[in-house]
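Rule-based calculations on the coordinates, nothing more; no lab input. Fair warning: this is a prediction, and the values are worked out from it, not measured in the lab. Don't worry about glycine lacking a Cβ; one is built from the backbone with ideal geometry, like all the others, and counts go over all protein chains shown.
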Amino acid sequence: MKADKAEKRIAELTRLINYHNHLYYQQDKSEITDFEFDQLLKELETLEKNFPNFALPESPTQRVGGAITKKFESVQHKYPMLSLGNTYSKEELLEFHERVKKGLEQDQVEYICELKFDGLAISLLYEDGLLIRAATRGDGVQGDDITINAKTIRSLPLRVQSEDFPAYFEVRGEVFMPIKVFNRLNSAIIEENLQLEALGKKTKPTLANPRNTASGTMKMQNSAVVASREMDCFLYAITTSDMKFKSHEEGLTKMMEMGFNVSNTFRKCNSIESVFSFIDEWEAKRHDLPLETDGIVIKVNGLENQEILGFTAKSPRWAIAYKYKSESAESRLNSITYQVGRTGAITPVANLAPVQLAGTTVKRASLHNSNEIKRLDLHEGDIVWVEKGGEIIPKIISVNTSKRVPNATPVKYIEDCPECGAHLVRKEGEAVHYCPNERTCPPQVLGRIEHFISRNAMDIEHLGPKTIEGLIKKGLVKNPADLYGLSFDQLNGLQFEFTEEQIGELKKRSIQEKSAKNIIASIEKSKNVPFRRVLFALGIRYVGKTVAEKLVEHFFNLENLKKANFEALVEVPEIGDRIAESLINYFKNDHNLELVQRLSDFGVCLKGEEFDTNETREQILTGLSFVISGVFEHYERDELKSLIKSIGGKTVSSISKSTNYLLAGDKVGPSKLEKAAKMEVKLLSEKEFREMISAE
Ligand code: IVH
């Protein structure tokens, strides 16, 4: 494309995409399909790549992020970003109203009530209609320049959408993480933790609440990650000397006209009573919004009036925040259920008399561990306070001891596993109790099998957790090897029971013919899964994906790995004491040995495939020929031969002038040594060889 044409098309696409973006994100409308939108964006991306000089500052391609910020620049706010006075009661709000009336010498005051959005405050500067800077509040005087990250917010206009706008202005608002996104991130962590738990690895803490996550996100160094988090913002104030507004409401309307995302929840109230109604109305309704709100902001509408009232050192006298009380409710502790996790960790869960809390019915609350029960000094039948913060699962905050029945029995923590009866253990320094019966405790068996079949491991499809639970209950599967013994006839039409997680109820289901076929086929297919993934699938503590890869690269097959002693194991790069010990313990256990033997008998791959294929490894030994003699620590003879072959080398049986190396192990034949010396063939130790092929 010619330059002038490209320039024109870039401008056209920029305008068009920004227009559709605005429609979609602020007005919930679309005039084109997602596919068409993506096509336009792709076209623009390509053109901008070829003609970078023509890319416009408001280009929508910036929304996908990608730029890395090492350190956010500190910037000065034009006007300090103040905070708001808080109140939790209507009495205090009445006092505020009295102060305002007195200050204005008026009996009637016009207010604008808005929701108080829970995120982080942002200041946005626009010059000639273009977003030129986005900054955090910081200490109110100075904040951080987060323009790059702010540009990923789709609802934020990079250029104002109307013709008539002040030449220079600042808008302020709140950036937030939609609850949907927050829950998605947390679910991903929970999912990952299940995997980590199954491997005996430390789990990651879940995210506390959308507000903290929003702050953290906007300060991330990688703007592509910020973009992926689909942040949003509501704007609630504009300041400019280039345009005169009479009221706050006029400012809001102007902002909307310019394309800013102003929440349409605001309302003009002519009396304090109607302010109270607004508060009451939103108390429950606010939970239906896609973001968290923690109160209401009440602002004097007239700008002249605002000026008269002025500011204290910290906050405006013309506005106040009414905060909803933190969500808590009283309920009765009916019983405690002890859940056994996939690693045997015990989690006590309180079963409560159903109670309404923050718009949902709460029946259960997590008690974390025995220390928490002690901290609360929980007694049977206690009346407890439950609170729902940003967390997904509500928490018991305290006990209302005044309502405790006389002679109530203190809650006694269980001593035996509720699933298998084994005596629980508690590791030194840990708060959590564990069931030590790894082999036959049902949830642990289930956990191990789920890990075994998971995508990164054996990738056995069509077998959901419910089916596995059913197969375990039927006694058909006790360990991963049993899967390979299953037949179509056993599965077809099989009726089984499983627990419905949310409600803890037992339900019935049966396996249909098609499903049985699929399961058998998937199990069969998994026999081709490479050894490194099989090793990971075994779920040996601390042997994650990478460790499994390293081990297979080094030991090649299961037999070698089984034989390896502590020293041999820690010699492998990245294998430390802890992993080595775990492996030795694993292979010391007869049940494990039986398991891997059975897997092997069923035809599961227990040999590294890396050395057998020519494509996968770099041909670093091309043109070199080797004679092998002696016994080697890491390899069997045959393995060594195929390894050399797989990376381009040649092995020959007798030494000649054209031989490059005599690869000499332990007990190398003396005649070979002699011949090598005569023919000036270089001697190579196992260690040198391993260095040569970068196995060391
Ligand atoms: S007006 C002078 N309106 O609440 C301060 N603030 O302490 C004027 N906030 O972090 C602020 N929703 O970002 C205002 N509708 C709203 C708001 C709001 C949330 C935040 C603000 C700041 C805090 C004020």
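Quick one: compute the contact order of the stretch 1-158, relative version, from alpha carbon pairs under 8 angstrom and 6+ residues apart, as a percent.
Values: 152 pairs, mean separation 44.0, N = 158.
In percent, rounded to a whole number, it is 28.
Taking every pair of Cα atoms in the stretch 1-50, average 1/r, invert it to obtain the Kirkwood radius, and report Rg/Rh to two decimals.
Details: Rg = 11.8 Å, Rh = 11.4 Å.
When Rh is taken as the Kirkwood radius, the ratio is 1.03.
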TODO: Could I have the simple spin-label model distance between Lys525 and Ser315, label points 7 Å from Cα toward Cβ, reported in nm to one decimal?
DONE: 6.0 nm
Open item on the list: Full-extension gain between Glu95 and Gln495, please, as 0.36 nm times their residue separation minus the C-alpha to C-alpha distance.
Closed with: 137.2 nm
- [ ] Would you mind getting me the FRET efficiency between Asp34 and Arg426? Use the beta-carbon distance for r and R0 = 51 Å, nearest 0.05.
- [x] 0.45
Open item on the list: Need one word for the chain: rounded, prolate or oblate. Basis is the Cα gyration tensor (sqrt eigenvalues a ≥ b ≥ c); a/c below 1.5 gives rounded, then a/b vs b/c decides.
Closed with: oblate
Open item on the list: Once you order the gyration tensor axes a ≥ b ≥ c over the Cα atoms, which shape class does the stretch 74-200 get: rounded for a/c under 1.5, otherwise prolate or oblate by comparing a/b with b/c?
Closed with: oblate
Task: Length gained when the stretch Ser656-Met243 is fully extended (0.36 nm per residue, less Cα-Cα span) - done: 139.3 nm
- [ ] Treat the stretch 238-339 as a sphere of radius equal to its Kirkwood radius over Cα pairs and apply Stokes-Einstein at 37 °C in a medium of 0.692 mPa s; give the translational diffusion coefficient in µm²/s, rounded to a whole number.
- [x] 196 µm²/s
- [ ] Please determine, in degrees from 0 to 90 and to the nearest 10, the orientation of helix 3-27 with respect to the longest principal axis defined by the Cα atoms of the chain, where the helix direction is its Cα long axis.
- [x] 70 degrees
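Taking 0.36 nm per residue of separation and subtracting the Cα-Cα distance, what length does fully extending Lys678 through Asp377 add?
Working: separation 301, 0.36 × 301 = 108.36 nm, distance 8.49 nm.
The span from Lys678 to Asp377 would gain 99.9 nm if fully extended.
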TODO: Measure nothing but the geometry: give the 0 to 90° angle between the long axis through the Cα atoms of 577-588 and the longest principal axis through the Cα atoms of the chain, rounded to 10°.
DONE: 60 degrees
TODO: Quick one: which residues, 5 or more positions from Tyr635 or on another chain, have an amide H under 5 Å from its amide H? H modelled 1.01 Å from N in the peptide plane, none for Pro or chain starts.
DONE: none
Task: Modelled FRET efficiency - R0 56 Å, Lys180 with Thr622, Cβ distances, 0.05 increments - done: 0.55
TODO: Go through Asn86, Leu303, Thr343 and say which Cα lies farthest out towards the positive end of the charge dipole of the chain; charges sit on Cβ, +1 for Lys and Arg, -1 for Asp and Glu.
DONE: Thr343
- [ ] With both partners inside the chain, how many of the DSSP beta bridges are antiparallel, as a percent to the nearest 5?
- [x] 85 percent
Task: Other-chain or far-sequence residues with amide H under 5 Å of Ser398's (modelled H) - done: Trp385
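Before rounding to the nearest 500, sum -39500 (n - 2.57) across all DSSP H runs of length at least 4 in the chain and divide by the residue total; then give [θ] at 222 nm in deg cm²/dmol. Intermediate values should be presented prior to the final figure.
Values: 25 runs with 256 residues, N = 696.
Mean residue ellipticity at 222 nm (helix-derived): -11000 deg cm²/dmol.
Given R₀ = 56 Å, FRET efficiency for Thr347-Arg15 by Cβ-Cβ distance, to 0.05?
Values: r = 55 Å, r/R0 = 0.98.
Using R0 = 56 Å, I get an efficiency of 0.55.
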Open item on the list: Quick one: 3J(HN,Hα) in Hz for the stretch 467-478, Karplus 6.51/-1.76/1.60 with θ = phi - 60°, rounded, Gly and Pro as x.
Closed with: 5, 4, 4, x, 5, 5, 4, 6, x, 7, 10, 10
- [ ] Could you work out how far apart the two model spin labels at Lys8 and Tyr168 are, taking each label as a point 7 Å from the Cα in the direction of the beta carbon, and quote it in nm?
- [x] 3.6 nm
Open item on the list: How tilted is helix 513-525 with respect to the longest principal axis of the chain? Cα atoms for both, answer in degrees (0 to 90, nearest 10).
Closed with: 60 degrees
Task: Relative contact order (%) - criterion: Cα under 8 Å, at least six apart; region: the chain - done: 9 percent
